[in-house]
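Colleague: Handing you this structure, nothing more for now.
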Amino acid sequence: MHEEVESKMRRSEFENAMEGQHKLNSLLQHENCSARWLWRSGALSPNGYAVPWENQCVNTNPENFLWEEDKSVILTVAPGIYEISLGFFCQKKPTVQVLVNGETILTAVNSASFVIHHSSGKLTNGGRGVNGPLTGLTLIDYVSLPARARLSISYAGPNGGKGGSQSASL
């Protein structure tokens, strides 16, 4: 029995290993910090322009990305440089604004671009149809946010199509 106990890891070794793992996890968490939310209903907030984030798909740092279901504001606690990517899919390209603390910082508009999207709205694959547009208005950009930044998206465009063909993620 004494031989078995001696062959096991000492508590201090275990605690040191766990502390090292915690430091590694913390470092990796900062390197892989991402969150994504969806808007599928096509319905706007009561103010008539803000996108209410209905579903949270991923949030690797819920202490930093504060989200409430159907609210139009995402709070980022830590200051820093953030990548913002969004996509809106509807029959006609909308105008979309990214706001920080109520101030517009980016606007994506329906204008000529270097890419021409050809979408009939349906793709048939082996008898199964995909409802809704295949392309949309997308944006990827980087912004420098202050501490406790309140991000929201303003949307002006076609109402949600049949089956809720609009979706967006931030």
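Residues checked against (1) free of Cβ contacts under 8 Å to residues at least 24 places away in the same chain; (2) over 19 Å from residue 148 (Cβ atoms):
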residue: 48; (1), (2): yes, yes
residue: 67; (1), (2): no, no
residue: 70; (1), (2): yes, yes
residue: 82; (1), (2): no, no
residue: 90; (1), (2): no, yes
residue: 97; (1), (2): no, yes
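Colleague: While we're here: Residues in the range 79-90 that are surrounded by fewer than 16 Cβ atoms within 10 Å (Cβ to Cβ) and outside any strand (DSSP E or B): how many?
Modeller: The total comes to 1.
Colleague: Out of 36, 11, I need the residue that is open to solvent by 90 Å² or more (accessible area, probe 1.4 Å) and modelled with pLDDT under 90. Which one?
Modeller: Values: 36 fails: modelled with pLDDT under 90.
On inspection, the qualifying residue turns out to be 11.
Colleague: What are the residues in the range 38-78 that are part of a strand (DSSP E or B) and hydroxyl-bearing (Ser, Thr, Tyr), if any? Before the answer, list the steps.
Modeller: At the first step, the residues of the range 38-78 found to be part of a strand (DSSP E or B) are 38-39, 50, 53, 55-59, 65-66, 71, 74-76.
Matches in the range 38-78: 76 only.
The values are calculated or read from the model by the stated rules, or taken from the named source; none is laboratory data. It should be emphasised that the depicted structure is a prediction, and the values quoted were computed from it without experimental measurement. Here the Cβ is made from the backbone with ideal geometry for all residues, glycine too, and neighbour counts use every protein chain on show. Just so you know, the surface numbers come from the protein's heavy atoms only, side chains and all, with ligands and any DNA or RNA stripped out. Shrake-Rupley method; radii C 1.70, N 1.55, O 1.52, S 1.80 Å.
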